[in-house]
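Each remark here refers to the structure printed beneath this line.
No value in this document is a laboratory result; all are computed from the given coordinates. Just so it is clear, the model here is predicted, and its values are computed rather than measured. Every residue, glycine as well, gets a Cβ built from its backbone with ideal geometry; the counts of neighbours run over all protein chains shown.
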Amino acid sequence: VQLQASGGGLVQAGGSLRLSCAHSGRIFSNNGMGWFRQALGKEREFVATISWNSAYTYYANSVKGRFTISRDNAKNALYLHMDSLNPEDTAVYYCAAARGAGASSAPDTYRYWGQGTQVTVSS
């Protein structure tokens with residue numbers, strides 16, 4: 001069981017990035033998925049989540065209106081499109097698969113975690 005996040009990099013403030021997460025479709029197409037991030041010296045925090053059928057999405061207040069989570073179960077992929085990036089968005093971003101089918105912001109509801117991809121936003 002693997003989750004592979006990609007798409008991170010260095011971007012200037014105000015720029016955009018799209019993160020991708022490839023997952024094992026057999027398991028994860030029926031599971032809620034989420035993105036979390038961890039900045040240096042800080043605890044991991046919730047960013048966005050999506051239910052198995054994309055019917056429900058939820059965002060952290062800090063990213064609402066700037067980030068969009070989506071998934072394509074046919075391609076076994078999860079995405080996070082990030083606009084209007086600012087230096088406070090600098091962190092390692094992790095994708096995760098929930099234990100259930102719904103969307104969830106609670107880390108302890110997630111069973112599988114990817115290895116993370118670094119996003120750095122310069123001012």
With label points built 7 Å along Cα→Cβ from the Cα atoms of ALA13 and ALA60, find their separation and express it in nm. 1.9
With 0.36 nm assigned to each residue of separation and the Cα-Cα distance removed, LYS42 to GLN115 gains 24.6 nm
Could I get the Rg over Rh figure for the chain? Both from C-alpha atoms, Rh via Kirkwood, rounded to two places. 0.94
Any idea what the relative contact order of the chain is, in percent, if you count C-alpha pairs under 8 Å spaced at least 6 apart? 37
